[in-house]
1. Please list 3J(HN,Hα) in residue order for segment 218-232, calculated via the Karplus relation 6.51 cos²θ - 1.76 cosθ + 1.60 where θ = phi - 60°; whole Hz, with x for glycine and proline.
2. Given a 1.4 Å probe, how much area per residue of segment 340-423 is accessible, in Å²?
3. Please enumerate, by chain and number, the lysines with C-alpha under 18 Å from the C-alpha of K41, excluding those fewer than 8 residues away in the same chain.
4. For L426, what residues show an amide H to amide H distance below 5 Å, using hydrogens built from the backbone and excluding near sequence neighbours?
5. Would you mind getting me the FRET efficiency between A493 and T346? Use the beta-carbon distance for r and R0 = 22 Å, nearest 0.05.
6. Sort the following peptides by mean Cβ neighbour count (other Cβ atoms within 10 Å, averaged over residues), highest first: 449-462, 207-220, 426-439.
7. Give a residue-ordered list of calculated ³J(HN,Hα) values for segment 358-365 (Karplus: 6.51 cos²θ - 1.76 cosθ + 1.60, θ = phi - 60°; whole Hz; x for Gly, Pro).
8. Quick one: pull the percent of accessible area on segment 208-298 belonging to carbon and sulfur, 1.4 Å probe, ligands and nucleic acids left out.
Amino acid sequence: MASLAAVTLLGLFSAVWRYSISGTQPPAAGGGKAAAALATKQLHAIAAQLDPDLMSQLPESFLPNYRTPCWHRPTQQQQHASPASHLNLPPGSAADRTPQAAAAAAAVALEGSAELLQAVKQLQQQQQQQEQELQCLPYFHILGSFQSGAFSLYSMLEQHPDVAKGHNPRPHFWAEHDKNLSSYMAELQGALPYMQQRPGSALLVDASESSFALYMAAGLRGHRVWLRTLQPCQERCAGRLQEPQLGHCKEACWQNATHADRTVAAKLRLPRWQLDTPLLMKAAYSGRNPVGAAAVYGSATTGLSMSRYRQAAAAAAAAAVPKLVVLLRDPAQRLLSSFLEYGHYTSKYGDGPEGFLAFVKEQLAAFEGCVARHGSLEECVLLFESLDTANEKVFFHCDQVLRGMYWVFLQGWQRHFGPDQLLVLLSEDLFKSPKAVLRRVVRFLGLAGNVPDDRWAAMEAAGAASHRQSLTTQHKYYEAVPEARRLVDAFYAPHNIQLGQLLMGRAVSPWEDHGNP
């Protein structure tokens, strides 16, 4: 039964759904277990190659009494304690060296007393609990996107009594490769007292808007070998060469780093652009949730009815972690908001409508040049500055343009997370009907819906300021330079249609009926 609990929830849900719709009798427990376990094992192995710090510090399983995925990490004192340290035996004795010797010494010390042995065991457990440090991964993530109301949604949800409070809600761990798991845990630590008071209901959230877009600058966690190869090579070039030799040397560094990255991907039998955040996040959570077949069925493992399998499907879907929420805004409006928000763009191009037009022309041309040189739109979206030095020289690597090509990123998230874990919303719906969207998110996350009316009012009001800010889109910029609007709309039109195909199964932009916010 212990092995059944380790079966991934996604595998359990898929198996349950398949047998439910086929009308055939489900197999005895363990029939499809090997394939699901192998998939999880492979996923963990791949992620360990890409981010060993992350994978080496995660537990085998999460605590069953916490709804949020939590575990106890032994403190340094506990890790170095001797096997007999709780028995007050002489240091350096045989019991201090091996578990078997410790057990033998304990039996002698306790003179075979079952009552004393039980008392010592209880004392050991109490001391271990005191020495252990609680750590938790977020139960749900508001992945983004930037300038799309993501933090507004967080501000609303934070008012719900089941959402944990007191931590940094925007640690930006997944998109910033230089942050390790220990620093991530430190950012979330402030919520732990709240979690410990409500272990069965409190949900921890990460509202880092940087997580959704999978372009290179935000995805280096999966491309560490590229960075490790590139940086020292460039330093050697800069230390001994001048132009034009310096430029040739840097180009060779880029090619070497890209070759190293492709070699890693080939060994892992994955396309290079699939060494991404969704893969790492899936690996961090998968195979560790204690809610599996054993939790659903108890001791029953064979001869299960269809109704029990359907119940298992519902339980697995509800328990699957993490839950992911994405807000997507009309990319033309989002692009303008980003231009106005980040001062380095207005400083370079100018802070008026003409400056925005110059920004649009240069950035769109740079991206189209990448596609012309490399022949792959997906590679240019996901790996832009790593492809050649021409891309690297583009001002901020077309980041803001790339962030609006939502369908490319969404495919990456859908590759690893199904609809029971991934909810995609339009920002315009949140801006116009916050209460309706909020209730939908509450249901998706499994938060208690029976909260008092005044709490609902507080939740809705918490995002009002952000709504007003998001709705202020400075239409005068597009009105003053209609050429900018024409260029941006023409650029994003096919990408919006691709997104509509993913979200609605229809070749139509999701914003066709929304108009401008």
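The values are calculated or read from the model by the stated rules, or taken from the named source; none is laboratory data. This is a predicted model, so every value here is computed, not measured. Neighbour counts run over all protein chains shown; Cβ positions are idealised from the backbone, glycine included. Ligands, DNA and RNA are stripped out before the accessible areas are found, and what is left, the full protein with its side chains, is counted by its heavy atoms. Shrake-Rupley method; radii C 1.70, N 1.55, O 1.52, S 1.80 Å.
1. 9, x, 5, 4, x, 10, 5, 5, 4, 5, 5, 7, 6, 4, x
2. 37
3. K33, K267, K282
4. Correct list: L328.
5. On the way: r = 26 Å, r/R0 = 1.20.
It comes out at approximately 0.25.
6. Numbers: 449-462: 13.0, 207-220: 23.4, 426-439: 19.3.
Ranking the peptides 449-462, 207-220, 426-439 by packing returns 207-220, 426-439, 449-462.
7. 4, 4, 4, 4, 5, 5, 5, 4
8. Working: 2070 of 3870 Å².
Roughly 54 percent, rounded to a whole number.
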